[in-house]
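The values are calculated or read from the model by the stated rules, or taken from the named source; none is laboratory data. Predicted, not measured: the structure shown is a model, and the values here were computed from it. Counting neighbours? That spans all protein chains shown, and the Cβs are built from the backbone with ideal geometry, glycine included. To get the accessible areas, we keep the full protein, side chains included, count just its heavy atoms, and leave off ligands, DNA and RNA. Shrake-Rupley method; radii C 1.70, N 1.55, O 1.52, S 1.80 Å.
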Amino acid sequence: MKKITHSLSLLLVVGLVLLSNFTQAQTVRRSSFRVDAPASIQGYKIITEIDSTSATSPWGTSIDSTWEGFPVKYDPANMNGCTAFAPGYFTGHFALIFRGGCEFGAKALAAQNAGARGVIIVNNLLGVAGMGAGASGGTVEIPVVMITTADGNAIKTQIDAAVPVNVSLTAWRYDPITNPIDIGYMNDSPVMPLGKCMPKHQTDGAIDDSFSVFVGAQIYNFGVNSWDTLHMKGVLDYKSSFTGGTWAHKDSTEGNSFFATPLTSLDSIPNFITELDSFDMNDEAKGLYRVTSTINTVPDGEVGLARLNNNWSYNYAISDSIYSKCEYDFANNRPVVNSYVNVSAASQWGPILYIRNGGYSAKKVQFIAMRDVIDDSTYDGQELIVTLSKWTDNDGNGRITDATELDDVATASHIFTLAEVFPITGQLVTMDLSNSVSPGSLIKLDPNTKYWLHADIPGGTAGFAYGADYYSDYSANLSFRHGDGNNLLSGGTMFSGGFANAGSPSLVLHMNTNLTESTNDISFNGNVNVYPNPTSDIVNISVQLNASSSKVTYTLVDITGKTVANSTKNNVISDVYTYNTNKLAAGTYFVNIKTDAGSKQVKFVVTK
């Protein structure tokens, strides 16, 4: 494996100065919440936080100081914090409280009255959510954060086993006493590969650094003392198996960066490494890769808990056909989802994907649609549309300026029905792409071209939400000028940085594996034909599976999503479902076909 060395001028980031060429979705960077002990659950966690300076819902205290090494406690008799705790129950502790039953502000006030130094709300949905003050939040004066269900349950499990759990909470430049030098990573720190999953036919065959993996990072300065030398080490590990297997060391690189002007807490997001070695991925094998980065000042002035955020590790994959900026779950054949983003208005969000080697076809997309309430939810009649657009940077400014730079090349759609009850982990939708330019033709992608793959969702309180991979954040790539992010079109404005703090959408493109066309390896394991189409009397849905399915369900719906008919057959490998359309009004209809291996939606038209 070759390493490519890049010598760069000093990149000192103050606020979002280096992002001036990119329009970012505006939101405040989350603070850093870390589990310090035990080691089995140690690390940086997804949070939302309250803000005492918010213009819309100020309450509690902003994260404008440091709470370091605090023990965590919960009350088994009052887990949701909706009644008063015993006086002094949480003295000197962060209170772990589960969502539900009453307002967030009431939970926090009850913990504060019992002596808590901070509150950790455990969400009851995937990811985290905003927290309103309610009637009681105005008198809360301690920090309040929300963590995911998985992280909250992990903390609770340790406490139940009598294992002490300690946490720290801070924001950059607020650690003046305990750790005067304190640098670290957050979820938007590392420079990511062009994709967390990349097709081998794109990483192969060229001698350039397009798909190189850079050992660079956006470093946060939590302390106040000055320093002028930074050391970074990057380690690359590999395993050939996408599920299981053992990691083997593949390569490493390290070096120092020197700053003429010492960095202090006045520098909000201090720097990128200025001389980098990158891991060259040209012609590398299929499999799973892991990058682990470590940073420290020179001389190493960090002590105690300050060192716990000096490491960051992430995985990426080279596969046959999958291309995404989110991580891919090969064990379950779906995009990784650990969070969600809901929007108030119709929006389009998705990754920009670079095609280096042209001639390969776009075949299918996978998307995780989410609910944002605890109750079982359906989105009957709502339509999900995914579009693949070719981007031509006409004005050369490095971002999508307006619609004149986009040409739609393919689309896919799915209308949800009452039968599709969204689980908390999200509804997986797999759709075939259709050629928008030449219907029925293969969707061949051009070489040295960027495409915007985006999901359109309705937004609003009654609409479904975007699934997201929080830890696949491409903010550092935009500043480093390595690749592109996840563009967001909302309210007529294009945000090249997407949703700040959201990571990448759980949206995946599947391509074919060679230039002469081939089968692909995802979800629906077989072929479906619809005939005659259009029809005036009967429609036939012919299913030929590659492996027997214990059950095949056919659900016929109209354009509004209303179920017209359904049928289930057992032990199917080859089948024809026939439906008499004489009683149907003229129009467009859909048949959802669900098998053990996945689902597929086909469309037909009734004429009169």
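Taking the criterion of being open to solvent by 30 Å² or more (accessible area, probe 1.4 Å) and either outside any strand (DSSP E or B) or under 25 Å from Gly398 (Cα atoms) (or both), the residues of region 311-336 that qualify are Asp320, Glu327, Phe330, Ala331, Asn332, Asn333, Val336.
For region 400-418, the condition of being over 22 Å from Phe590 (Cβ atoms), at pLDDT below 95, open to solvent by 50 Å² or more (accessible area, probe 1.4 Å) and among the hydrophobic types (A, V, I, L, M, F, W, C) holds for at least one residue. Would you be able to say whether some residue in region 188-204 is aliphatic (A, V, I, L, M) and more than 30 Å from Ala502 (Cβ to Cβ)? Taking every residue of region 188-204 in turn, none turns out to be aliphatic (A, V, I, L, M) and more than 30 Å from Ala502 (Cβ to Cβ). Among the residues of region 202-227, those that are among the hydrophobic types (A, V, I, L, M, F, W, C) and either at positive phi or in contact (Cβ under 8 Å) with a residue 60 or more places away in the chain (or both) comprise Ala206, Ile207, Phe211, Val213, Phe214, Val215, Ala217, Ile219, Phe222, Trp227. Annotation: of all residues in region 379-411 being in a strand (DSSP E or B) and either hydroxyl-bearing (Ser, Thr, Tyr) or on the phi > 0 side of the Ramachandran plot (or both), the one that is nearest to the chain's Cα centre (by Cα) is Thr387.
Cβ-Cβ distances below 7 Å connect the following pairs, each with a first residue in region 546-567 that is on the phi > 0 side of the Ramachandran plot, a second residue that is acidic (Asp, Glu) and at pLDDT 90 or above, and a separation of six or more residues or different chains: Gly561/Asp380. Filtering region 532-562 to residues that are of a type in the set (D, E, K, R), within 25 Å of Ile385 (Cβ to Cβ) and surrounded by fewer than 14 Cβ atoms within 10 Å (Cβ to Cβ) leaves only Lys562.
I'd like to verify a number: residues in region 34-61 that are more than 20 Å from Thr148 (Cα to Cα) and either of a type in the set (Lys, Arg) or open to solvent by 20 Å² or more (accessible area, probe 1.4 Å) (or both), how many? Residues meeting the conditions: 8. Residues in region 82-128 that are more than 28 Å from Ser472 (Cα to Cα), among the basic types (Lys, Arg) and open to solvent by 30 Å² or more (accessible area, probe 1.4 Å): Arg117 only. Within region 191-228, restricting attention to residues that are of a type in the set (Ser, Thr, Tyr) and open to solvent by 10 Å² or more (accessible area, probe 1.4 Å), the residue that is farthest from Ser252 (Cα to Cα) is Ser226. Out of everything in region 573-601 that is part of a loop (DSSP other than H, G, I, E, B) and open to solvent by 60 Å² or more (accessible area, probe 1.4 Å), what residue ends up being modelled with the lowest pLDDT? For region 573-601, the residue satisfying everything is Asp596. Looking across region 129-145 at every residue that is among the hydrophobic types (A, V, I, L, M, F, W, C) and open to solvent by 10 Å² or more (accessible area, probe 1.4 Å), the one that is farthest from Asn342 (Cα to Cα) is identified as Ile142. Return the residue satisfying two criteria in turn: it lies in region 229-259 and is free of Cβ contacts under 8 Å to residues at least 40 places away in the same chain and among the hydroxyl-bearing types (Ser, Thr, Tyr), and of such residues it is surrounded by the fewest Cβ atoms within 10 Å (Cβ to Cβ). Among those that are free of Cβ contacts under 8 Å to residues at least 40 places away in the same chain and among the hydroxyl-bearing types (Ser, Thr, Tyr), it is Thr246. Of all residues in region 262-310, those satisfying the criterion of being part of a loop (DSSP other than H, G, I, E, B), open to solvent by less than 40 Å² (accessible area, probe 1.4 Å), more than 13 Å from Ala217 (Cβ to Cβ) and modelled with pLDDT under 85 are Thr264, Ser265, Asp267, Ser268, Gly301, Glu302. Would you please name the residue that is modelled with the highest pLDDT, looking only at residues in region 456-495 that are surrounded by fewer than 18 Cβ atoms within 10 Å (Cβ to Cβ) and at negative phi? Filtering region 456-495 for residues that are surrounded by fewer than 18 Cβ atoms within 10 Å (Cβ to Cβ) and at negative phi, the one modelled with the highest pLDDT comes out as Thr493.
Selection of region 101-140 for residues being part of a loop (DSSP other than H, G, I, E, B) and among the charged types (D, E, K, R) yields Glu103, Arg117. Picking from residues in region 315-344 that are aromatic (Phe, Trp, Tyr) and within 22 Å of Asp283 (Cβ to Cβ), the one that is farthest from the chain's Cα centre (by Cα) is Phe330. Which one is farthest from Thr461 (Cα to Cα) among residues in region 358-378 that are of a type in the set (A, V, I, L, M, F, W, C) and assigned to a loop (DSSP other than H, G, I, E, B)? Looking at residues that are of a type in the set (A, V, I, L, M, F, W, C) and assigned to a loop (DSSP other than H, G, I, E, B), I get Ile374.
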